[in-house]
Amino acid sequence: MDLTLPRINALRDSANEDAASGAGRYHSTRISSMGVSAKGDADDLGVGVTGSDSAGREQVVMSSQNKVIVGYWLVRAVLNVALSRGGNKNKFLRGTGIFEESLQPNSLISINQYSSLLVNVHSQTKGNDVSFLLGGAFASQWLASPLHVLKTCENIEQLLLHLIQHPTFRWCSLPLCQFQRFESNDKIILVPQFTGTCSKQLPFTLEVAFATLVALIKNVANKRIPLSFTFTCSRPKNIADYETHLGLKLSFNSLFNSICIEKGVTSQPLGLTAQPTDFVESHASLKDLSSNSSMQTKGGTSIEQQYRLSLPDFVRHYVCTSSNTQSPNIGLPELAETLAVSVATLKRKLKEYGTSYRTLSEEVQRNHALLLLSVYKVSNEAAANAMGINDLPNFRRTVKRLTGKTPSELRS
């Protein structure tokens, strides 16, 4: 799979980035083989990691202040849930730069703005179930939002692919989370990766993401799909909220957070979705979405599609791809060159997102090692080869450093 990037001339060592951004000069840099696949023993298991559903049109959201999130429905859902708990609307919006009276169906907000709104709601509302209620509220509006085109999906697999891997839908529903997809012969494992979320806010954002995905699949498919979940946290006191909104297949104190779906379920056709009486039928389809540069909302409002990856997400994909090809040049300087920016600029842009190249690189390696060794039980040789590590002693040291456990302990 290829990924075509714009050459970000606006960020090339320029003292005036805003002025440079209007230059409009682009250069395509292609990175092939998006994702990571294990070889040797892992081939027999069909282990693979799939990145974004790229059609060669993605651009990188270099700044967390860039407005790429289709915010109208998300903000409205957040306020509805928060106000139902007796909160103050002005306090929720304070410091976010979001003004309710200015919101329109085609309004875009930034990652920083949306993240700040969730932080305010989390800190100012009562109840441990607010995150789950937010997920349900987001999903309940899907027919009126750009997500309505998902009703043309033929089965669960197609719905899942578009919902979690199509950048346009990501910015409408899960703007702070992208799922890394691992596959075996009989199941699909989705591992969440977050953008613009601090460690303190991560548990809340994780609950929002899981609840949103579950509710969206249920609403679009018009039936509940059996899913299982793993969490790195200990069993919460509000376990009833988890069971109500996610189901009973929950595992805590796990090595990683994930959603697991049996492959046999994904071939199931979607059920007929009951449409509200005021819904205006659209003839849009997934094919139309792929060929057009804009999409229509319920009221006919045109919204420019966002075929874009956040900078942290692109860094993760870059690390995956480089590991898969066992390229010796996968460091920060090479990534900066790929994006046509200086190393200092790239570091600064990642810092805006609250992260760094090393943090993202280790996150990717850790997730891959955990899946290969603890789930698929592959040999050290196969895992090392899949991770792009040439010698076994270095592989064992790397796994121990990333996970705190040896390969043998992870397989046990």
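In this structure, does Ser115 turn out to be within 16 Å of the chain's Cα centre (by Cα) and either modelled with pLDDT of 95 or more or in a helix (DSSP H, G or I) (or both)?
Yes, satisfied.
For a quick check of your reading of the model, give me the residue pairs whose first member lies in the stretch 86-108 and is closer than 23 Å to Ala144 by Cβ, whose second is exposed (fewer than 12 other Cβ atoms within 10 Å of the Cβ), with beta-carbon atoms closer than 9 Å and at least 6 apart or on different chains.
Taking only residues 6 or more apart or on different chains, the pairs are Leu93/Phe99; Glu100/Lys89; Pro105/Gly299.
Could you go through the stretch 176-187 and let me know if any residue there is among the polar types (S, T, N, Q) and crowded, with 19+ Cβ neighbours inside 10 Å.
yes
Residue by residue, here is whether (1) of a type in the set (A, V, I, L, M, F, W, C); (2) over 29 Å from His368 (Cβ atoms); (3) at pLDDT 95 or above; (4) surrounded by fewer than 17 Cβ atoms within 10 Å (Cβ to Cβ) holds:
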position	(1), (2), (3), (4)
Glu243	no, yes, yes, yes
Gly247	no, no, yes, yes
Phe252	yes, no, yes, yes
Asn257	no, no, yes, no
Lys263	no, no, no, yes
Thr266	no, no, no, no
Leu270	yes, yes, no, no
Ala274	yes, yes, no, yes
Val280	yes, yes, no, yes
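Determine, yes or no, whether Leu133 is over 19 Å from the mean Cα position of the chain (by Cα) and in a helix (DSSP H, G or I).
Against the criterion (over 19 Å from the mean Cα position of the chain (by Cα) and in a helix (DSSP H, G or I)), Leu133 qualifies.
For the stretch 118-142, which residues satisfy the criterion of being closer than 12 Å to Val220 by Cα and buried (at least 20 other Cβ atoms within 10 Å of the Cβ)?
Once the filter is applied, which keeps residues that are closer than 12 Å to Val220 by Cα and buried (at least 20 other Cβ atoms within 10 Å of the Cβ), the stretch 118-142 yields Ala139, Gln141, Trp142.
Which residues, taken from the stretch 355-384, are aliphatic (A, V, I, L, M), farther than 29 Å from Pro333 by Cβ and either under 23 Å from the mean Cα position of the chain (by Cα) or assigned to a helix (DSSP H, G or I) (or both)?
Those that are aliphatic (A, V, I, L, M), farther than 29 Å from Pro333 by Cβ and either under 23 Å from the mean Cα position of the chain (by Cα) or assigned to a helix (DSSP H, G or I) (or both): Leu373, Val375, Ala382.
Kindly indicate the residue of the stretch 385-401 that is touching a residue at least 40 places away in the same chain (Cβ under 8 Å) and part of a loop (DSSP other than H, G, I, E, B) and also farthest from Cys177 (Cα to Cα) among those meeting that condition.
Selected residue: Asn390.
Output yes when any residue across the stretch 233-241 is assigned to a loop (DSSP other than H, G, I, E, B) and either modelled with pLDDT under 90 or crowded, with 19+ Cβ neighbours inside 10 Å (or both), and no when none is.
no
Here are the criteria: (1) over 23 Å from Leu74 (Cα atoms); (2) at pLDDT 95 or above; (3) not in a helix (DSSP H, G or I). Tell me which single one Val191 does not satisfy.
(1)
Any idea which residue in the stretch 204-232 is surrounded by the most Cβ atoms within 10 Å (Cβ to Cβ), counting only those that are touching a residue at least 40 places away in the same chain (Cβ under 8 Å) and within 23 Å of Gln365 (Cβ to Cβ)?
Top of the filtered list is Ala209.
Scan Phe92, Phe99 and give me the residue that is surrounded by 20 or more Cβ atoms within 10 Å (Cβ to Cβ) and more than 24 Å from the chain's Cα centre (by Cα).
Just one listed residue meets the conditions, Phe92.
Assuming Leu93 fulfils every condition listed in (1) closer than 25 Å to Asp313 by Cβ; (2) in contact with an Asp or Glu (Cβ under 7 Å, 6 or more places away or on another chain) apart from one, which condition is it?
Of the numbered conditions (1) closer than 25 Å to Asp313 by Cβ; (2) in contact with an Asp or Glu (Cβ under 7 Å, 6 or more places away or on another chain), the odd one out for Leu93 is (1).
For Arg411, which of the numbered conditions (1) under 25 Å from Ile259 (Cβ atoms); (2) in contact with a strand residue (DSSP E or B) (Cβ under 6 Å, 6 or more places away or on another chain) fails to hold?
(2)
Among all residue pairs at least 6 apart or on different chains, which show Cβ distances below 6 Å where the first residue, located in the stretch 352-366, is assigned by TED's automatic domain parsing to the domain that holds Leu402 and the second is in a helix (DSSP H, G or I) and among the charged types (D, E, K, R)?
Leu360/Arg316; Val364/Arg316
The values are calculated or read from the model by the stated rules, or taken from the named source; none is laboratory data. Since the model is a prediction, treat every value here as computed from it, not as a measurement. Don't worry about glycine lacking a Cβ; one is built from the backbone with ideal geometry, like all the others, and counts go over all protein chains shown.
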